[in-house]
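**Q** Please find one structure pasted underneath; my questions will follow.
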Amino acid sequence: MEKLLGLPVLASEHGKSVDNLIIYVHWLMIVLFVGWLAYFAYALFRFHRSRNPKADYVGVKSHASTYIEGAVAIVEGVLLIGVAVPLWAKSVGGLPPENQSTVIQVVAQQFNWNVRYPGKDGKFGRQDMRLVNSTNIFGVDYTDPSAKDDIQRNNEIHVVVNKPVIAYISSKDVIHSFKIIAMRVTQDAIPGMRVPIWFTPTQVGTYQINCAQLCGNSHAAMTGGSMVVETQADFDKWLAAQTPGAATSLE
Ligand SMILES: [Cu+2]
């Protein structure tokens, strides 16, 4: 069914459940489509003028349609309560422990993605909204010692395979939406809010980041962002090669 629907590459742990929900909904839609089409064909034949020269004022007495309606409602209820809500609850019900995850901050702007890492000490330096300017997008207080080794990159996110990723999503200007299709995650990036999302990448590779909210005339350019999923060793090597503190705004 994945092939038939042409579902995109999947590279995250929870993504299978998202795909399953999509597949279940399609199965239901196929059943409804065939059912309605069959009923339509039957009605054309059964109620043709030549068979019914006079109108019938009594109408249908059977309750078959009521039972079918009920059955469809039950299936929809099961999909919503049994599949969709538990999946959503798992996603928003709590974050994995930070010390066992790759923790990053993402600030979207017109038209690219800024990402920040806590650096070697594993601690983000202090931040203050009042310090935000065109070169300090994250409002980092560089007098804080734990800010010294923090790393900022542009349009390039590195994460470790099979290790949860916690990303705090925000925006500098307008509403953007952080979307990585292969990870099956989407989260609006909203100015003044910092919303966490989490997922566990399961396949090494490079995946495109999309902006899923029309955010301006170069909205499409935000596909320039990519997420590299790599082994812990490769990630550590990459992290060690980065210059701390460097703001990398493309403005
Ligand atoms: Cu955008």
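**Q** Among the residues of the stretch 139-156, is there at least one that is in contact (Cβ under 8 Å) with a residue 12 or more places away in the chain, of a type in the set (A, V, I, L, M) and assigned to a loop (DSSP other than H, G, I, E, B)?
**A** no
**Q** Please determine, by comparing only the residues of the stretch 11-54 that are farther than 30 Å from Ser226 by Cα and among the small types (Gly, Ala, Ser), which one is surrounded by the most Cβ atoms within 10 Å (Cβ to Cβ).
**A** Only one residue fits best here, namely Gly35.
**Q** Let me ask something else. Name the residue that is farthest from Ala147 (Cα to Cα), counting only residues in the stretch 87-119 that are hydrophobic (A, V, I, L, M, F, W, C) and more than 16 Å from the ligand (Cβ to nearest atom). So that I can check it myself, show each step before the final result.
**A** Looking only at the stretch 87-119, we keep the residues that are hydrophobic (A, V, I, L, M, F, W, C), and these are 87-89, 92, 95, 103-104, 106-108, 111, 113, 115.
With more than 16 Å from the ligand (Cβ to nearest atom) added as a condition, the list becomes 87-89, 92, 95, 103-104.
Numbers: Leu87: 36, Trp88: 34, Ala89: 34, Val92: 29, Leu95: 23, Val103: 15, Ile104: 14 Å.
If we take residues in the stretch 87-119 being hydrophobic (A, V, I, L, M, F, W, C) and more than 16 Å from the ligand (Cβ to nearest atom), then Leu87 is farthest from Ala147 (Cα to Cα).
**Q** Hey, can you tell me all the residues within the stretch 181-191 that are under 8 Å from the mean Cα position of the chain (by Cα) and closer than 11 Å to Val9 by Cα? Quick ask: steps written out before the conclusion?
**A** Of the stretch 181-191, the ones under 8 Å from the mean Cα position of the chain (by Cα) are 181, 183-187.
Passing the criteria: Ile181, Met183, Arg184.
**Q** Any residue in the stretch 125-147 that is of a type in the set (A, V, I, L, M, F, W, C), surrounded by 17 or more Cβ atoms within 10 Å (Cβ to Cβ) and within 27 Å of Ser12 (Cα to Cα)? First the steps, then the outcome.
**A** If we filter the stretch 125-147 for residues that are of a type in the set (A, V, I, L, M, F, W, C), which is where we start, we get 129, 131-132, 137-138, 140, 147.
The next check asks that each one be surrounded by 17 or more Cβ atoms within 10 Å (Cβ to Cβ); those that pass are 137-138, 140, 147.
Applying the additional criterion that residues be within 27 Å of Ser12 (Cα to Cα) yields none.
The answer is no, given that none of the residues of the stretch 125-147 is of a type in the set (A, V, I, L, M, F, W, C), surrounded by 17 or more Cβ atoms within 10 Å (Cβ to Cβ) and within 27 Å of Ser12 (Cα to Cα).
**Q** Checking Ser91 against (1) outside any loop (DSSP other than H, G, I, E, B); (2) at pLDDT below 95; (3) farther than 30 Å from Asn154 by Cα; (4) not hydrophobic (A, V, I, L, M, F, W, C), which single condition isn't satisfied?
**A** Status for Ser91: all satisfied but (3).
The values are calculated or read from the model by the stated rules, or taken from the named source; none is laboratory data. Model, not experiment: these values are computed from the prediction. Glycine gets a Cβ as well: all are built from the backbone with ideal geometry, and neighbour counts include every protein chain shown.
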